[in-house]
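Participant: First, the structure itself, so that you have it in front of you.
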Amino acid sequence: MEIGSLNVVVLIASLMVAATPILMAAIGELVVEKAGVLNLGVEGMMITGAVSGFAIAVTTGSPVMGMLGAIIAGALMALIFGILTQVLMANQVASGLALTLFGLGFSALVGQGFVGIVPPRTAKLDFGPLSDIPVLGQILFRHDALVYVSLLMVAGVWYWLTRTRSGRILRAVGENHDSAHALGYKVRRVRILAIMFGGACAGLGGAYLSLIRVPQWTEGMTAGAGWIALALVVFASWRPWRALLGAYLFGGIMVLQLNLQAAGLRFPVEYLSMSPYLITILVLVIMSSSRARASLAAPGSLGQSFHAAG
Amino acid sequence: MKRRQLLATSAAALGLAATAGTRGAFAQSPMKVGFIYVGALGDFGWNYAHDQARLAAQEHFGGAIETTFVEAVPEGPDAERVMTQMALSGAQMIFATSFGYGPAVNAVAARFPDVAFEHATGYMQDHPNVSLYNARFHEGRAVIGTIAGRMTETNKIGYIAAFPIAEVLMGINCAYLHAKKVNPDAEMRVVWAFTWGDPALEAAAAEALIDQGCDIIMSHTDSTAPLLVAQERGVHAFGQASDMSSFAPETHLTAIVDNWAPYYISRIQEKLDGSWTAGNVWPGLAEGEVLIAPYGPAVPAEVQEEADAMIAAISSGEYNPFTGPLNKQDGSVWLEEGQAADDGMLWGMDFYLEGIEGEIPS
């Protein structure tokens with residue numbers, strides 16, 4: 001399948017890889033926001049995951065240990081945010097920004113000894129004959145395990161939020177924390193667990209960058225991926241499958257513009273690179289233009305502190 | 001995003017300032033030399049190369065100088081603050097190592113006339129204590145272009161470029177020109193990354209180039225990510241700013257190495273002697289400021305010889321890499337037969353040479 005000199009199959013396969021880190025971070029943040037918490041620290045948790053995963057993988061020689069370490073490191077970073085905002089009642093926006101700044105500085109410090117090292121490689125999954133199926137095989141069966149993990153995360157979060165009791169409790173907490181509290185749900189506990197889940201996902205997304213995508217540790221290597229993930233949650237209007245769509249759209253645009261350039265085509269790539277941000281702004285404008293729409297999409301208690309009354 | 005670190009490093013600089021106050025009482029105290037870097041010095045590229053030169057100077061002068069550095073300083077007001085802080089803490093010489101520091105360097109230089117400022121790759125020189133220095137990296141591109149032209153099998157050479165400024169265009173044009181000289185079928189595919197350092201994007205750019213059939217990757221960005229992708233995909237690549245062979249042991253062909261140490265050492269010596277005056281220099285292969293790293297195992301002996309001959313011809317001054325007849329991409333004449341480009345013409349470069357596909361983004 002070719003359009004001009006571009007091979008669509010190759011494009012799709014590489015956009016899936018490019019989108020995986022932001023998809024992971026976005027799915028985590030989606031759960032956090034569904035619980036009514038706005039954590040702007042995604043970038044900080046991602047880069048902490050990137051450096052921790054890298055450091056642990058290099059030290060132990062095992063990429064899997066690195067991934068697990070990144071998940072734990074991301075969750076611990078998020079726990080700081082959780083304690084600040086849920087226990088000490090700090091402002092969520094300020095705490096989230098502080099978490100990003102802290103993560104960037106902390107990762108630079110931890111990463112100093114790991115600059116210029118090539119980490120142990122993560123093997124791609126071997127699907128045997130499946131990967132030889134024309135078109136489908138190349139798109140679906142030639143990736144590393146984490147690409148599939150990210151898809152499972154989307155499906156899992158969707159199922160959990162819409163089909164399980166605990167998922168519904170989480171949404172209730174996010175929609176109206178006072179009512180949820182009155183019904184006897186532990187608002188704080190639910191939120192702190194959601195925040196830690198978000199951190200774990202962001203950490204894994206970061207480790208995907210440093211262990212598979214690049215694979216190397218460089219200071220500040222997430223380069224704004226966390227912010228794109230945040231925008232993605234809004235773009236997806238807090239729905240897991242739309243987050244997948246959005247991530248592949250954003251990733252696809254990046255891969256497409258690079259490939260258009262690499263193919264030597266005369267194309268104003270500036271507009272293409274701008275478009276994910278323009279789309280996000282557009283979504284934000286549409287959402288905020290009508291109160292009714294916004295209240296349909298955004299969790300009702302998003303960003304509000306919860307004070308248990310009585 | 002790098003502000004957190006900037007704060008930390010500025011705090012460290014403040015701490016240094018405090019100790020400088022007490023130590024300044026001794027006449028024999030070492031001369032302080034400050035360095036500011038635009039990115040992380042661990043990039044193994046541009047900033048790393050400057051820091052290697054700082055370390056070489058420190059080792060050369062031993063106790064006679066004391067070097068300090070602040071990394072990841074964004075171009076703009078932050079740079080001005082950092083340099084002001086350095087000057088206040090007693091630095092007598094400041095090396096500002098990024099193009100965009102120009103306005104900040106000149107603003108701080110006006111306030112500290114006794115401090116010697118050395119600005120890399122800049123063009124603003126408003127005060128007698130501002131010196132400019134650069135390196136003829138494009139001379140190195142002539143060498144790697146020759147190697148690329150000889151070694152490409154698909155006849156497509158991929159180039160990851162940062163920003164459409166003269167220096168980057170010089171590199172693209174020079175590499176293309178010399179690939180074309182030895183291989184008339186060679187094509188250049190350029191991807192503009194619009195960043196000096198974003199490893200994930202650079203990796204994606206390298207992959208896009210390889211997917212589009214390029215079998216040689218060169219880059220003018222700061223990270224080693226393109227080399228790692230090239231190694232993984234079994235495609236040849238060149239290192240940028242430092243020898244990157246450890247990242248692609250099998251497919252690293254060679255690298256353009258920025259060797260700032262001789263310049264830094266001679267300028268610091270002049271400052272120590274009291275003979276420092278502002279200058280504006282642009283050395284290259286001949287002076288050893290641009291080096292070609294050892295050839296990788298993949299480079300055949302005859303190609304190595306050809307590359308060595310190119311280095312020799314440029315170093316001796318008998319060959320200017322930009323010698324006419326050369327046309328611009330639109331077919332208009334840039335250099336007449338036998339005409340060599342002077343420095344002014346090079347700095348005015350805002351076009352591709354004839355034969356390069358694609359458009360330079362604005």
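The values are calculated or read from the model by the stated rules, or taken from the named source; none is laboratory data. Please read all numbers here as calculations on a predicted model, not as lab measurements. All Cβ positions, even for glycine, are placed from backbone atoms using ideal geometry, and neighbour counts span all protein chains on display. The accessibility values were calculated without ligands, DNA or RNA, using every heavy atom of the protein model including side chains. Shrake-Rupley method; radii C 1.70, N 1.55, O 1.52, S 1.80 Å.
Participant: I'd like the orientation of helix A:165-175 relative to chain A: the angle between its Cα long axis and the longest Cα principal axis, in ° from 0 to 90, rounded to 10.
Facilitator: That works out to roughly 70 degrees.
Participant: Whole-Hz ³J(HN,Hα) for each residue in segment B:248-265, computed from phi via Karplus 6.51 cos²θ - 1.76 cosθ + 1.60 with θ = phi - 60°, x for glycine and proline: what do you get?
Facilitator: Going residue by residue, I get 8, x, 8, 10, 6, 8, 5, 8, 8, 9, 7, 10, 7, 4, x, 5, 4, 5 Hz, with x marking Gly and Pro.
Participant: Hey, which lysines would be in cross-link range of B:LYS32, C-alpha to C-alpha under 23 Å, not counting anything within fewer than 8 residues on its own chain?
Facilitator: Output for B:LYS32: B:LYS271.
Participant: Calculate one ³J(HN,Hα) per residue across segment A:217-232 by plugging θ = phi - 60° into the Karplus curve 6.51 cos²θ - 1.76 cosθ + 1.60, and present them in order as whole Hz with x for glycine and proline.
Facilitator: Ordered by residue, 3J(HN,Hα) equals 9, 9, 3, x, 6, 5, 6, x, 4, x, 6, 5, 4, 4, 5, 4 Hz.
Participant: Rounded to two decimals, what is Rg over Rh for the protein assembly as shown when you use alpha-carbon atoms and the Kirkwood radius? Could you put the intermediate results ahead of the total?
Facilitator: On the way: Rg = 26.7 Å, Rh = 26.6 Å.
Radius of gyration over Kirkwood radius for the protein assembly as shown works out to 1.00.
Participant: Ok, one more. Which value at 222 nm does the protein assembly as shown reach when only helices count, each DSSP H run of 4 or more adding -39,500 (n - 2.57), with the total divided by all residues and rounded to the nearest 500 deg cm²/dmol?
Facilitator: Working: 24 runs with 357 residues, N = 672.
The helix-only estimate for the protein assembly as shown comes to -17500 deg cm²/dmol at 222 nm.
Participant: Then there's this: Where the centre of each part is set by its Cα atoms, how far does segment B:43-78 sit from segment A:200-247, in angstrom?
Facilitator: If you average the Cα positions of each part, the centres end up 33 Å apart.
Participant: Something else about it: With an 8 Å Cα cut-off and a minimum separation of 6 or more residues, compute the relative contact order for chain B in percent.
Facilitator: Details: 756 pairs, mean separation 57.5, N = 362.
Once normalised by length, the contact order is 16 percent.
Participant: Using only the alpha-carbon atoms, how far is helix B:166-182 inclined from the longest principal axis of chain B? Give it as 0 to 90 degrees, nearest 10.
Facilitator: 30 degrees
Participant: Follow-up. Of A:GLY251, A:GLY184, A:GLY111, whose Cα points farthest to the positive end of the dipole of chain A (charges on the beta-carbon: +1 Lys, Arg; -1 Asp, Glu; origin at the Cα centre)?
Facilitator: Positive-most Cα among the choices belongs to A:GLY184.
Participant: Another question, if that's okay. Cα to Cα, under 16 Å, and not fewer than 8 places away if on the same chain: which lysines meet these conditions relative to A:LYS186?
Facilitator: Candidates past the 8-residue exclusion: A:LYS34.
Participant: Another question, then. Using a Gaussian network model of chain A whose springs link C-alpha atoms within less than 10 Å, name the residue from A:ALA78, A:ALA243, A:ALA123 with the highest mean-square fluctuation.
Facilitator: Among A:ALA78, A:ALA243, A:ALA123, the largest GNM mean-square fluctuation belongs to A:ALA123.
Participant: May I pose another question? Compute the angle between helix B:3-23 and the longest alpha-carbon principal axis of chain B, please, reported from 0 to 90 degrees and rounded to the nearest 10.
Facilitator: 40 degrees
Participant: Rounded to two decimals, what is Rg over Rh for segment B:169-327 when you use alpha-carbon atoms and the Kirkwood radius? Could the numbers behind the result be given before it?
Facilitator: Details: Rg = 17.5 Å, Rh = 17.4 Å.
Taking Rh as the inverse mean 1/r over Cα pairs, Rg/Rh reads 1.01.
Participant: In addition: Rounded to a whole number, what % of the accessible area of the protein assembly as shown do carbon and sulfur atoms account for, probe 1.4 Å?
Facilitator: Details: 16210 of 26310 Å².
The nonpolar share, carbon plus sulfur, comes to 62 percent.
Participant: Quick one: Cα centre-to-centre distance for segment B:156-181 and segment A:153-198, in angstrom?
Facilitator: Spelled out, the Cα-based centre of one part sits 54 Å from the other.
Participant: Rounded, prolate or oblate: which fits segment A:83-129, taking a ≥ b ≥ c as square roots of the Cα gyration tensor eigenvalues, rounded meaning a/c under 1.5, else prolate when a/b beats b/c? Could you put the intermediate results ahead of the total?
Facilitator: Values: a/c = 4.70, a/b = 1.84, b/c = 2.56.
In terms of gyration-tensor shape, oblate.
Participant: Report the residue, chosen from B:ALA40, B:ALA309, B:ALA91, that carries the largest GNM mean-square fluctuation when chain B is represented by alpha-carbon nodes joined by springs under 10 Å.
Facilitator: The residue that fluctuates most here is B:ALA309.
Participant: Which value, in debye to the nearest 20, gives the size of the charge dipole of the protein assembly as shown about its Cα centre, when Lys and Arg are +1 and Asp and Glu are -1 at the Cβ? Provide the component values of the computation, followed by the final result.
Facilitator: Details: 37 positive and 55 negative charges, 816 e Å.
I would put it at about 3920 debye.
Participant: Please identify, among A:PHE127, A:PHE250, A:PHE141, the residue showing maximal mean-square fluctuation in a Gaussian network model of chain A using a 10 angstrom Cα cutoff.
Facilitator: Per the Cα network of chain A with a 10 Å cutoff, A:PHE127 tops the list.
Participant: Among rounded, prolate and oblate, which fits chain B when a ≥ b ≥ c are the square roots of the eigenvalues of its C-alpha gyration tensor, a/c under 1.5 means rounded, and a/b larger than b/c means prolate? Intermediate results must be reported in sequence, preceding the final value.
Facilitator: Values: a/c = 1.97, a/b = 1.74, b/c = 1.14.
Prolate is the answer for chain B, as a/c is 1.5 or above and a/b outweighs b/c.
Participant: Something else: Can you give the average number of partner chain beta-carbon atoms within 10 Å of each beta-carbon in peptide A:210-216, as a whole number? Provide the component values of the computation, followed by the final result.
Facilitator: On the way: counts 2, 0, 0, 8, 12, 6, 9.
For peptide A:210-216, the averaged partner shielding equals 5.
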